[in-house]
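The values are calculated or read from the model by the stated rules, or taken from the named source; none is laboratory data. The structure displayed is predicted, hence computed values, not measured ones. Here Cβ is always computed from backbone atoms with ideal geometry, including for glycine, and neighbour counts include all displayed protein chains.
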Amino acid sequence: MGLTWTEWLSTGVEWQDEQHKELFGKINRLMGLIEGKSEWKDLADILRFLDIYISSHFRNEESAMYKLRYPESFSHKAQHELFKRLVANLKDRFERAEGRDIRIFASELQKLLTDWLYGHIAQEDKRLGSFLQAHGH
């Protein structure tokens, strides 16, 4: 059983929500890995996606924050940096542990992403989204 996207998670900024929905889909895919329905390469694919996602999505948000002088940009970017380090740490451990039970890594990554979804996206990004909307972005 996967998670369901709701408007509660929406920031109201189309590009931001579309990118968040992509991440949401990967969380649901991780749930399938935890149930043992996939292979090691499937988790590697998700980690590759995250590298691209983190780079482009955070760049988009940070660019919008700086352009419009978002008052919380420093703390928001600091959260991005922490998330990058957490994902990089998990990815490093994953790369050194090939052949182990994929469900351990999938479960840890799924928890990290779910916490990010409900902690950062549903709170911090919603505030940013309101600010961006108020400033015509």
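Quick check on residue 113: is it within 19 Å of residue 3 (Cα to Cα) and in contact with a helix residue (DSSP H, G or I) (Cβ under 7 Å, 6 or more places away or on another chain)?
Here the answer is yes, as residue 113 does meet what is asked.
Is the range 24-34 home to any residue that is over 19 Å from residue 137 (Cβ atoms), at pLDDT below 95 and in contact with a Phe, Trp or Tyr (Cβ under 8 Å, 6 or more places away or on another chain)? Let's see the steps before the verdict.
Within the range 24-34, the first condition is being over 19 Å from residue 137 (Cβ atoms), and the residues that meet it are 24-34.
With at pLDDT below 95 added as a condition, the list becomes 24-34.
Subset that is in contact with a Phe, Trp or Tyr (Cβ under 8 Å, 6 or more places away or on another chain): 24, 26.
Yes, that holds for at least one residue.
Please count how many residues of the range 116-125 are surrounded by 15 or more Cβ atoms within 10 Å (Cβ to Cβ) and aromatic (Phe, Trp, Tyr).
Filtering the range 116-125 down to residues surrounded by 15 or more Cβ atoms within 10 Å (Cβ to Cβ) leaves 116-117, 120-122, 124-125.
Among the residues that remain, those that are also aromatic (Phe, Trp, Tyr) are: 116.
Within the range 116-125, residues that are surrounded by 15 or more Cβ atoms within 10 Å (Cβ to Cβ) and aromatic (Phe, Trp, Tyr) number 1.
Is it the case that some residue within the range 37-56 is modelled with pLDDT under 80 and crowded, with 18+ Cβ neighbours inside 10 Å?
Yes: one or more hits.
Give me the residue from the range 59-76 that is assigned to a helix (DSSP H, G or I) and touching a Phe, Trp or Tyr at 6+ places or on another chain (Cβ under 8 Å) and, out of that set, surrounded by the fewest Cβ atoms within 10 Å (Cβ to Cβ). Let's see the steps before the verdict.
Filtering the range 59-76 down to residues assigned to a helix (DSSP H, G or I) leaves 59-68, 73-76.
From what is left, the residues that are touching a Phe, Trp or Tyr at 6+ places or on another chain (Cβ under 8 Å) are 60, 64, 68, 73, 76.
Working: 60: 14, 64: 20, 68: 16, 73: 17, 76: 19.
If we take residues in the range 59-76 being assigned to a helix (DSSP H, G or I) and touching a Phe, Trp or Tyr at 6+ places or on another chain (Cβ under 8 Å), then 60 is surrounded by the fewest Cβ atoms within 10 Å (Cβ to Cβ).
Those residues that are of a type outside the set (Val, Ile, Thr), surrounded by fewer than 18 Cβ atoms within 10 Å (Cβ to Cβ) and not in a loop (DSSP other than H, G, I, E, B), I need them from the range 92-115; list them, please.
92, 93, 95, 103, 107, 108, 111, 115
Which pairs have Cβ atoms under 9 Å, sit 6 or more apart or on different chains, and link a residue in the range 10-29 that is at positive phi to one that is modelled with pLDDT under 90?
From the range 10-29, no pairs qualify.
Out of everything in the range 120-137 that is small (Gly, Ala, Ser) and over 13 Å from the mean Cα position of the chain (by Cα), what residue ends up being modelled with the lowest pLDDT?
Taking the candidates together, the pick is 136.
Which one is modelled with the highest pLDDT among residues in the range 92-119 that are of a type in the set (D, E, K, R) and over 14 Å from the mean Cα position of the chain (by Cα)?
92
Residues being of a type in the set (Phe, Trp, Tyr) and not in a helix (DSSP H, G or I): count how many of those fall in the range 3-30.
Filtering the range 3-30 for residues of a type in the set (Phe, Trp, Tyr) gives 5, 8, 15, 24.
Those still in the list that are not in a helix (DSSP H, G or I) too: 5.
Number satisfying all stated conditions: 1.
For residue 61, all conditions in the list (1) closer than 20 Å to residue 133 by Cα; (2) without any contact (Cβ under 8 Å) to a residue 40 or more places away in the chain; (3) among the acidic types (Asp, Glu) hold save one; what is the number of the exception?
With (1) closer than 20 Å to residue 133 by Cα; (2) without any contact (Cβ under 8 Å) to a residue 40 or more places away in the chain; (3) among the acidic types (Asp, Glu) applied to residue 61, the lone miss is (2).
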